[in-house]
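A.B. asks: The structure is given below, and queries will be raised subsequently.
Since every read-out is calculated from the coordinates, none of them should be taken as a lab result. Please read all numbers here as calculations on a predicted model, not as lab measurements. Glycine also receives a Cβ, built like all others from the backbone with ideal geometry; neighbour counts cover every protein chain displayed.
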Amino acid sequence: MLSARNALVVALLSASAVAAPPPAAADDAVKLAAITRTVFYVPLWVAMHRGFLKQQGLDVDVTFVDSAGHTDEILRKNERRFVLRSPEAAMMDAYRGGSLRVIAGGVSKLPHFIIAVPRIKTLEQLRGANFGVLAEKEGTTYIVQDIAKALGFSPADYKISVVGGSPTRWKLLQEGKIDVGLQPIPNSYVAEAAGFTNLGSAINFVPDWQFTAVNIDEKWAESHRDIVVRFLRGLQAGRDYMRTNPEESAKIAAEELGTKYDLALRMLADVEKYQMLDTETALNVPGLERIFETLVKSGDIPADRKFDPKVFMDVSYWEQSHGDAVLTGAIPPARPPQ
């Protein structure tokens, strides 16, 4: 028989076992693909470093791929659940009846500057130049074409070479293997300091362009809405922290980009000055319409199709992630024909 003392110990232990909280649930693992280490991903890095995604119960694994060519296949094969990249491929897939969708924004004003080798001093001297771009059907390619057209160049007046993302373009510029490439901040600052020519902001030629967006495959996302919404909440928290804590965010950006703190701080100031990253991670519909027009001209979307955001966008995840703070006009109607 148990003594009174031992019986009391057993009772206390039993009570504490009953009262013990259940073990914490494991974070949901989320695999994400991104394209090159650039300013585009500062909200994501901040969200990861500051624990905002962890607070949403997510364990995010990021893979950087220095090419945009096969990220759509990654989504379709469920190798990655989110791809933070340009929206062109998702738009084309959706217009063909596919399941890829654009669900939130990122870079909605181009953070790029036209960086050329030192011997090129003027925009006119770009005639005959070899432009390095990320992929055949991707933002930088279409933007280069727009710049060339604005300068009065025909397709025969310049060359486009698919070489990879910004770090690769910078390497090839230094090696003289390409003559010019669009370089986002802070890479453009580094190029200027090294004696390369900055021919101006791409915004001067293309005022609106949804350069990066959150892309998903709805076949997966529809049945994992909670994870998608929590991811967008964490990403928004990272974007908010960038604006309210630029010094701390610059430290994170400098670490991830492998650049100097003062350049990262300058970069974040320019992001806000030029409104490059949407403050609410919303999509820039005029910027998407600009892309649509380019895809029609290139034959990637049939000429008889009309611009309809509902074909390739699903903003319900974004709306749910913002809750009562959904902004009127954040998803504006398409501009009327000019």
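A.B. asks: Among the listed pairs LYS219/LYS306; LYS54/LYS219; LYS121/LYS149; LYS121/LYS297; LYS177/LYS260, give every one whose C-alpha distance is greater than 28 Å.
C.D. replies: LYS121/LYS297
A.B. asks: Hey, another quick one. Could you work out how far helix 139-150 tilts from the main Cα principal axis of the chain, as a 0 to 90 degree angle to the nearest 10?
C.D. replies: Long axis of 139-150 versus the principal axis of the chain: about 30 degrees.
A.B. asks: As an exercise, take the mean of 1/r over every pair of distinct alpha carbons in the chain, invert it, and state the Kirkwood radius in angstroms.
C.D. replies: Taking every pair of different Cα atoms in the chain, averaging 1/r and inverting gives 21.4 Å.
A.B. asks: To the nearest whole percent, what portion of all C-alpha pairs in the range 140-250 is separated by more than 19 angstrom?
C.D. replies: 64
A.B. asks: Which of GLN275, THR63, PHE52 sits closest to the plus end of the dipole of the chain, meaning its Cα is farthest towards the positive end, when Lys and Arg get +1 and Asp and Glu get -1 on the C-beta?
C.D. replies: After comparing all options, I get THR63.
A.B. asks: Pairs of Cα atoms under 8 Å, at least six residues apart: use those to get the relative contact order of the chain, whole percent.
C.D. replies: 26 percent.
A.B. asks: Classify the range 112-204 as rounded, prolate or oblate from the Cα gyration tensor: take a ≥ b ≥ c as the square roots of its eigenvalues, call it rounded if a/c is under 1.5, otherwise prolate when a/b beats b/c and oblate if not.
C.D. replies: Rounded is the answer for the range 112-204, as its axis ratio a/c remains below 1.5.
A.B. asks: If you don't mind, another one. Can you give me the long-range amide H partners of VAL214? Hydrogens built in the peptide plane at 1.01 Å from N, cutoff under 5 Å, separation of 5 or more residues or another chain.
C.D. replies: Residues meeting the amide H criterion: ILE103, ALA104, GLY105.
A.B. asks: Rounded to the nearest 0.05, what FRET efficiency is calculated for ARG76 and LYS260 with R0 set to 56 Å and r the Cβ-Cβ distance?
C.D. replies: Efficiency, from the Cβ-Cβ distance: 0.90.
A.B. asks: Let me ask you something else. Which order do the peptides 250-262, 109-121 take when ranked by the mean count of other beta-carbon atoms within 10 Å per residue, highest first?
C.D. replies: Those peptides, ordered most packed to least, come out 109-121, 250-262.
A.B. asks: Using a simple charge model, +1 on the beta-carbon of Lys and Arg, -1 on the beta-carbon of Asp and Glu, nothing else, what dipole does the chain show about its Cα centre, in debye to the nearest 20?
C.D. replies: That gives the chain a dipole magnitude of about 300 debye.
A.B. asks: About the Cα centre of the range 106-259, what is the dipole size in debye to 20, counting +1 per Lys and Arg Cβ and -1 per Asp and Glu Cβ, all else neutral?
C.D. replies: My answer is approximately 220 debye.
A.B. asks: Determine the sum of side-chain charges near ASP278: Lys and Arg each +1, Asp and Glu each -1, restricted to other residues whose C-beta is under 10 angstrom from that of ASP278.
C.D. replies: Spelling it out: positives minus negatives among the neighbours equals +1.
A.B. asks: With the crude spin-label approximation of a point 7 Å out along Cα→Cβ, what separation in nm comes out for ASP59 versus GLU280?
C.D. replies: Computed distance between label sites ASP59 and GLU280 equals 3.5 nm.
A.B. asks: In addition: Once the piece of chain linking VAL162 and GLU293 is laid out straight, how much longer is it, given 0.36 nm per residue of separation minus the C-alpha distance between them?
C.D. replies: So the chain would gain 45.0 nm between VAL162 and GLU293.
A.B. asks: I've got another one for you. What does the charge count near GLY195 come to, summing +1 for each Lys or Arg and -1 for each Asp or Glu among other residues with Cβ under 15 Å from its Cβ?
C.D. replies: That works out to -1.
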